[in-house]
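The values are calculated or read from the model by the stated rules, or taken from the named source; none is laboratory data. Nothing here was measured: the structure is a model prediction, and the numbers come from that model. Methodologically, a virtual Cβ is constructed for each residue, glycine included, from the backbone with ideal geometry; neighbour enumeration extends over all protein chains shown. Please note that ligands, DNA and RNA were not included when accessible areas were found on the heavy atoms of the full protein model with its side chains. Shrake-Rupley method; radii C 1.70, N 1.55, O 1.52, S 1.80 Å.
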Amino acid sequence: MRENFTKSMARNIFYGGTVFFFLFFIGLTFDTISVLPETDNRHNITGKVALGKKVWEVNNCIGCHTLLGEGAYFAPELGNVYKRFGHSKDAIIAFIKSRPVEGIKGRRSMPQFNLSDKELDAIAEFLKYTSEIDAANWPPNIQG
Amino acid sequence: MQYKSQAVAKPYFIAAIGLFIGQILFGVILGLQYVVGDFLFPEIPFNVARMVHTNLLIVWLLFGFMGAAYYMVPEETETELYSPKLAIILFWVFLVAGALTIIGYLSVPYATLAQMTGNDLLPTMGREFLEQPTITKVGIVIVALGLLFNISMTALKGRKTAIIMVMIIGLWGLAIFFLFAFYNPVNLVLDKYFWWWVVHLWVEGVWELILGSILAFVLIKMTGVDREIIEKWLYVIIAMALISGIIGTGHHYFWIGTPDYWQWWGSLFSAIEPIPFFMMVIFAFNMVNKRKRDHPNKAAMLWAIGTPVMAFLGAGVWGFMHTLAPVNYFTHGSQITAAHGHMAFYGAYVMVVLAIISYAMPILRGRAAANSKKSQVVEMWSFWLMTVSMVFITLFLTGAGILQVWLQRISEAPMSFMVVQDKIAIFYWMREVAGIIFLLGLILYVISFFVGGEEEASS
């Protein structure tokens, strides 16, 4: 680097640049939060959805699945599973309920979580709510 | 060792290596579960093993960062650590909390762990990388604040170099952004939005400050190049890292229900994220060329030069590959992401921690400046085994990812996820072989600590 470009100039670029772009980021964040109600499907958040999110979390579903593309890549995307299962909560519930305790020989299998009927209904409701978030047309197709 | 209190770094480094071994063992288990789906089922299902793998990675890197901080701060500030005793207490708190958390993951179902640790009081669990019980998260905050208090007080009474200021800002950032781990709204979009304030603003933000300062410290010590020059480079590199990386957070806001304009902001700024890594490569090679002495610790030099190269490849090139929104639309949440994650974490953070350990450990063990030639040869073998096998892990996952994206998302008759997984199994097998070679490299790395004696002092 050139001699006449000094350390203090470099330092000022660091502090100035960081502060400027962080403030800019905060600005974009405020704007995002103000327009989120148009896309984030918040009007469909119910007590059941809240319980469903809790069931989702305390069973660490993200440890195998992706949700809107984020998570682990071991099991199918679930952001659109409600649509993939023919807009059927019952199909989701039946799938979770029927997982064999000892797994499937030689293959990946979802654990049996022994969820109550109330929890099953809630997780399905949560996945329905998630599938109705406007995620800019992602995933590209129904396979997730 | 110039300052007595630097010795507190030693247990941190040892714990880091110990947990690293655990991380890789679970990595090999996960790799096998990808192809032998019922391996260890239902005792250790994939989600549990993955949680152990990723959480151990984070914890051992934090141990490494903390060890680096405790080692560097006295030497940079030219004064003894404010409280070596506090550093040792925090070490045990962190180790015990970490161990209990991992034992919890492995011994009871996750839902039971959530119940036992009172997740209902403040639900923070069950989100990727933030799976720790809330009480563990509180512990992490306490340990981080204790560390910050300790090194900030040391810096206040001593010399304030750019390297140490950058390190301290990085660690403060680490602690502050971790606080977003406690924010977990029911609204999934908001949850995800601020989850990235921990995850992205850590690894593509403040952690890069810690990385830069460790690398600068090691390069000053090993090359003897003028501090003014190295610190100037450091400032320019971290300036570029944050200027690109902060708005670059937007590359995570493409498909999670956030406004479309993030596709522009995220693509534009993350496209320049490789630049600081490229500068880091130029910086490291330049400093080595301009070196004023030949340091006897060749192994540490190898790690220090390897870090920017692999970070540039993993974070820079593999990151850029799928960061533009039109590309990411198809690659989001596929094995491409996994490929990038593996090489980026290894290149940027694993290697820099191994670089400071390689540089500091001989000195902490009372040796003049380096281990014996014999020990260094073993360590350099471990460098090449781990680094080359990580390149192959990345290449195989990239192959898997490209096929996955094609079969599942682009082809005329898209197949379902599980069908595609079967079709790309060959790549997972090859990845597993590369993973085992990585483990062998790691075993060799550990062995290197026990072979040969001391190198003759030279300057």
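Details
- Working from label points 7 Å from Cα in the Cα-to-Cβ sense, the residue A:88 to residue B:96 distance is 5.4 nm.
- Cα-based helix-to-principal-axis angle, A:7-35 vs chain A, degrees rounded to 10: 40
- Whole-percent carbon and sulfur share, accessible surface of chain A, 1.4 Å: 60
- Estimated distance in nm for a label pair at residue B:285 and residue A:112, the labels positioned 7 Å out from Cα along Cα-to-Cβ: 5.9
- Each 20 Å bin from zero up to the one holding the largest Cα-Cα distance in chain B carries the following percent of pairs: 24, 60, 16, 0.
- For the stretch A:129-143, Karplus couplings with θ = phi - 60° (6.51, -1.76, 1.60), whole Hz, Gly/Pro x: 4, 5, 5, 9, 6, 7, 9, 6, 6, 9, x, x, 8, 5, 6
- Estimated [θ] at 222 nm from DSSP helical runs (n ≥ 4, -39500 (n - 2.57)) normalised by residues in chain B, nearest 500: -23500 deg cm²/dmol
- Within the accessible surface of the stretch B:1-160, defined with a 1.4 Å probe on protein heavy atoms only, the carbon and sulfur portion equals 73 percent.
- Residues of the stretch A:98-144 that lose at least 40 Å² of accessible area (1.4 Å probe, protein heavy atoms only) when the other protein chains are present, relative to their chain alone, are A:106, A:107, A:108, A:111, A:136, A:138, A:140, A:141, A:143, A:144.
- All C-alpha pair distances within chain A, sorted into 10 Å bins from zero, spread as 10, 30, 25, 13, 11, 8, 3, 0 percent across the bins.
- Sparse-neighbourhood loop sites, trypsin sites (Lys or Arg not before Pro) in the stretch B:157-186 - DSSP loop, at most 16 other Cβ within 10 angstrom: B:159, B:160
- Phi angles of the stretch B:156-172 translate, via the Karplus equation with coefficients 6.51, -1.76, 1.60 and θ = phi - 60°, into HN-Hα couplings of 4, 8, x, 6, 10, 8, 4, 4, 6, 5, 5, 4, 5, 4, x, 6, 4 Hz per residue; Gly and Pro are given as x.
- Mean Cα-pair separation over length for chain B, i.e. relative contact order, pairs under 8 Å, 6 or more apart, %: 14
- The protein assembly as shown: mean projected area of Cα convex hull, nm²: 25.3
- Residues whose placed amide H lies under 5 Å from that of residue A:66, excluding near-sequence neighbours: A:72, A:75, A:77, A:78
- Farthest toward positive dipole pole in the stretch B:1-160 [+1 Lys/Arg, -1 Asp/Glu at C-beta], among B:29, B:144, B:114: B:144
- Translational D in µm²/s for the stretch A:39-116 (Stokes-Einstein at 25 °C, 0.890 mPa s, Kirkwood Rh from C-alpha pairs): 177
- Accessible-area composition of the stretch B:215-283, carbon plus sulfur, in percent [1.4 Å probe]: 75
- Listed residues A:81, A:101, A:55, most fluctuating in chain A (Gaussian network, C-alpha, under 10 Å): A:101
- Separation of the residue B:160 and residue B:261 label points, Cα + 7 Å toward Cβ, nm: 3.7
- Close amide H pairs (under 5 Å, H built 1.01 Å from N) link residue B:370 with B:455, residues at least 5 positions away or on another chain.
- For chain A, the 222 nm mean residue ellipticity estimated from helices alone, with every DSSP H stretch of n ≥ 4 adding -39500 (n - 2.57) and the total spread over all residues, rounds to -15500 deg cm²/dmol.
- Rounded to 10°, Cα long-axis angle of helix B:274-289 versus longest principal axis of chain B: 30
- Local net charge near residue B:403, Cβ-Cβ under 14 Å (Lys/Arg +1, Asp/Glu -1): +2
- Using the Cβ of residue B:217 as centre and a radius below 11 Å, the other residues enclosed give a net charge of -1, where K and R count +1 and D and E count -1.
- For residue B:415, residues with placed amide H under 5 Å, excluding near neighbours: B:408
- Averaged per residue, the protein assembly as shown has 37 square angstrom of accessible surface, using a 1.4 angstrom probe with ligands and nucleic acids left out.
- Between 0 and 90°, nearest 10: helix B:188-201 axis offset from chain B longest Cα axis: 30
- Scalar couplings 3J(HN,Hα) for the stretch B:222-236, obtained by applying the Karplus form with A = 6.51, B = -1.76, C = 1.60 to θ = phi - 60°, are 8, 9, x, 5, 3, 4, 4, 5, 5, 5, 5, 4, 4, 4, 5 Hz; x denotes Gly and Pro.
- Taking Cβ atoms as reference points and 14 Å as the exclusive limit, the residues near residue B:52 contribute a net charge of -2, counting Lys and Arg as +1 and Asp and Glu as -1.
- Whole-number percent relative contact order across the stretch B:1-160, with pairs defined as alpha carbons under 8 Å at least 6 apart: 31
- Bins of 5 Å, starting at 0 and running to the largest distance - Cα pair percent for the stretch B:154-247: 2, 13, 20, 20, 15, 12, 7, 5, 3, 1, 0
- Pairing chains B and A buries close to 6900 square angstrom of accessible surface in total, based on protein heavy atoms and a 1.4 angstrom probe.
- Packing order of peptides B:387-400, B:141-154, highest average first: B:387-400, B:141-154 (average count of other Cβ atoms within 10 Å over each peptide's residues).
- Cα Rg, Dmax, the stretch B:283-406, angstrom units: 17.4, 56
- Entry for the stretch B:1-160 at q = 0.14, 0.17, 0.18, 0.21 Å⁻¹: log10 I(q)/I(0) = -0.75, -0.96, -1.03, -1.24, Debye formula applied to identical alpha-carbon scatterers, no solvent contribution.
- Cα Rg over Rh - the stretch B:202-352, Kirkwood: 1.03
- Taking trypsin sites (Lys or Arg not before Pro) across the stretch B:290-344, the ones in a DSSP loop with at most 15 further Cβ atoms lying within 10 angstrom of their Cβ are B:290, B:291, B:292, B:293.
- Accessible surface of residue A:70 - all protein chains present, 1.4 Å probe, nearest 10 Å²: 10
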